[in-house]
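First comes the structure, then the notes that go with it.
Bear in mind that the values in this text are calculations on the coordinates, not laboratory data. Quick caveat, the model's predicted, so the values are computed rather than measured. No Cβ is skipped: glycine too gets one built from the backbone with ideal geometry, and neighbour counts run over all protein chains shown.
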Amino acid sequence: MAAQSAVPVYLVTNDPRIRSIRDIGEKDRIAVVSVAVSQQGRLLQMASAKAFGDADYARLDRFEVSMPHADATTAMLSGNAVVNLHFSNAPYQYQELEDPKIHKVTSSTDILGGPSTGSVVVTSGAWRKDNPKTYAAVRAALDDAAKLLSKDKAQAAAIYIRQDGSKLSPAFVERILSDKEASFATTPQNTLQLGAFLHKVGVIRHEPKSWHDYFFADDANAQGS
């Protein structure tokens, strides 16, 4: 239906030795929510293909450890020896980087060359056809939310904290929303690169040629990618 957010995801480490993915070796372990198949796992494969060649796209998969983001953050901040890298996401990556012992190795922005949509709103073609008024209302609400995020991040942060019951401070949430690499536009960004990669490595059967292949064309003039 629409893109929801393009907030960057960071690969962070508490090991000063690691400055790029080329420095990751046999003794290192990377926390991800799901080994290889998560958003972060696929991004790491894309980075590996660029660094080591297409044939070695899965080179770093064996160093990944499946771990919820909250647990991985706790491990990273405590210096737990189980993992020394975490391919994180918001808000955890921002909390981790407040610790001077932790630094960023790479990010989705680095790998894809710009902001990239990481979450989307989905529905079936059948539901869209059978419920045109509801579909239109939801789609309009998403556009309204994107406009609010663009013009009043303080209010957006307050709404998020209230609705989520979050214990994060309003200033911290507003800082995330103000990240210059983040976007909350409803038009997708840098998704076609991922689709082409997934086809190249045999994960999906059909190679997408346009973002319109997997997003409804509600605005034929929208400039997505």
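Okay, here's what the table says:
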{"read-out": "Integer Hz, Karplus 6.51/-1.76/1.60 couplings in order for the range 14-20, x for Gly and Pro", "value": "9, 9, x, 5, 8, 10, 8"}
{"read-out": "Global size of the range 44-150 as Cα Rg and Dmax, reported in angstrom", "value": "19.0, 54"}
{"read-out": "Which listed pairs, of LYS104/LYS180; LYS101/LYS180; LYS50/LYS200; LYS151/LYS180; LYS50/LYS180, have C-alpha distances above 20 Å, in listed order", "value": "LYS101/LYS180; LYS50/LYS180"}
{"read-out": "Extension gain, VAL122 back to ASP99 (0.36 nm per residue minus Cα-Cα distance, nm)", "value": "4.7 nm"}
{"read-out": "Other-chain or far-sequence residues with amide H under 5 Å of SER5's (modelled H)", "value": "GLY118, SER119"}
{"read-out": "Summed residue charge, Cβ within 15 Å of ALA136's Cβ, Lys/Arg positive, Asp/Glu negative", "value": "-1"}
{"read-out": "Nonlocal amide H pairs with ILE30, under 5 Å, H built at 1.01 Å", "value": "GLU64, VAL65"}
{"read-out": "Partner aspartates and glutamates for LYS153 [C-alpha distance under 17 Å; skip if fewer than 8 residues away on the same chain]", "value": "ASP143, ASP144, ASP164, GLU174, ASP179, GLU181"}
{"read-out": "Computed label-point distance, nm, for sites GLN223 and ALA55 using a 7 Å Cα→Cβ extension", "value": "4.1"}
{"read-out": "Antiparallel DSSP beta bridges within the chain, percent to nearest 5", "value": "70"}
{"read-out": "Value of relative contact order over the chain, rounded to a whole percent, pairs C-alpha under 8 Å and six or more apart", "value": "29"}
{"read-out": "Three-way shape label, the chain, alpha-carbon gyration tensor, a/c 1.5", "value": "oblate"}
{"read-out": "Net length gained if the chain between PHE216 and ASP130 were fully extended (0.36 nm per residue, minus Cα distance)", "value": "29.5 nm"}
{"read-out": "Whole-Hz couplings from phi, Karplus 6.51/-1.76/1.60, listed for the range 23-40; x for Gly and Pro", "value": "8, 6, x, 4, 8, 8, 9, 10, 7, 9, 5, 9, 4, 6, 9, 6, 3, 5"}
{"read-out": "Sorted by Cβ density within 10 Å, fewest first, the residues TYR92, TYR214", "value": "TYR214, TYR92"}
{"read-out": "Cβ charges +1 (Lys, Arg) and -1 (Asp, Glu), total dipole of the chain, debye", "value": "140"}
{"read-out": "Net charge, VAL201 excluded, C-beta distance under 11 Å - Lys, Arg +1, Asp, Glu -1", "value": "+1"}
{"read-out": "Extension gain (nm, one decimal) between ALA70 and HIS206, 0.36 nm per residue minus Cα-Cα", "value": "45.5 nm"}
{"read-out": "Proximal aspartates and glutamates to LYS27, defined as alpha-carbon separation beneath 12 angstrom and excluding residues fewer than eight positions away on the same chain", "value": "ASP15, GLU64"}
{"read-out": "Compactness relative to 2.2 N^0.38 Å, alpha carbon Rg of the range 159-205", "value": "1.75"}
{"read-out": "Calculated SAXS-style log₁₀ I(q)/I(0) at q = 0.13, 0.27, 0.28 Å⁻¹ - the range 39-102, Debye, Cα scatterers", "value": "-0.39, -1.10, -1.13"}
